[in-house]
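> There's a structure below that I have some questions on.
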Amino acid sequence: MPRTPVLGVGLGFAFLFSVIPIGAASFPHAANGVRFHLTIKVSTDEQARLIGAALQDQWKKIGVDLEVRSLELATLFAELTEGNFQLSYLKWVGANNDPDVFALVFSTKRIPPNGSNRGRYRNPQIDELTDAIRVEINQQKRKDLTSQAQKTAAEDLPYIPLWYADVVSVHQRTLGELSLSPTGDYEFLAAH
């Protein structure tokens, strides 16, 4: 079944505290049991609000007081573009069908307002790789460069894939066979 990644922007350090002993990381419990306070900004979408609530509940168990702020989408994007956030939750849908997505999301040239590197991730190696991917015409070399970019991003972990959403369709048989894209986009609608 096709799958598309759902990414959490900047969740890395707080998420890892559920695995790493926080006390050893100089975040002792206060008298009220809270180690520190964070705010996550999400959209008003029901799924985003529920994920925020689930994270809030999970992180409370490790002493993180997580405030969930649900914002209208235009406001949320404005806040992210300005860099006015500690954590956020978003989905990348349909953007991962070409290696140029690495430049869009990870290149320092794409830090807002010039693109979608809202986490302000910086890595000169990624910049070199994304520049090379963009101009490489040899398919195998482009694939190798993309693999290197993917490995580098996976090691740095500027975003954490929370899960992979299933891409499914429930439709009448009279529509025939629908070819669903693993990128999560809706290209199959154009055929009908």
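No value in this document is a laboratory result; all are computed from the given coordinates. The structure presented is a predicted model; accordingly, all values stated were derived computationally and were not measured. A quick note on method: Cβ atoms are made from the backbone with ideal geometry, for glycine too, and the neighbour counts reach across all protein chains shown.
> For an R0 of 41 angstrom, estimate the FRET efficiency from the Cβ-Cβ distance between Ser147 and Ala30 and round to the nearest 0.05.
Numbers: r = 45 Å, r/R0 = 1.09.
According to the calculation, E is roughly 0.35.
> Enumerate the amide H contacts of Tyr159 below 5 Å, restricted to partners 5 or more residues apart or on another chain; note that Pro and chain-start residues carry no placed amide H.
Residues meeting the criterion, in which the H sits 1.01 Å from N, do not exist here.
> Then there's this: Given Lys41/Lys151; Lys109/Lys151; Lys41/Lys143; Lys109/Lys141; Lys61/Lys151; Lys41/Lys61, which pairs have Cα atoms separated by over 26 Å? Write out the running numbers ahead of the final one.
Numbers: Lys41/Lys151 28 Å; Lys109/Lys151 20 Å; Lys41/Lys143 35 Å; Lys109/Lys141 23 Å; Lys61/Lys151 32 Å; Lys41/Lys61 20 Å.
Among Lys41/Lys151; Lys109/Lys151; Lys41/Lys143; Lys109/Lys141; Lys61/Lys151; Lys41/Lys61, the Cα-Cα distance tops 26 Å for Lys41/Lys151; Lys41/Lys143; Lys61/Lys151.
> Taking 30 Å as R0, compute the FRET efficiency from the Cβ-Cβ separation of Ile160 and Ala74 and round it to 0.05.
So the FRET efficiency works out to roughly 0.75.
> Label His37 and Glu82 with points 7 Å out from Cα along Cα→Cβ: what is the distance between them in nm?
1.9 nm
> So, R0 is 25 Å and r is the distance between the beta-carbons of Arg49 and Gln172; what FRET efficiency does that work out to, to 0.05? It would help to have the intermediate numbers written out before the result.
Values: r = 32 Å, r/R0 = 1.28.
Computed FRET efficiency for Arg49 and Gln172 comes out at 0.20.
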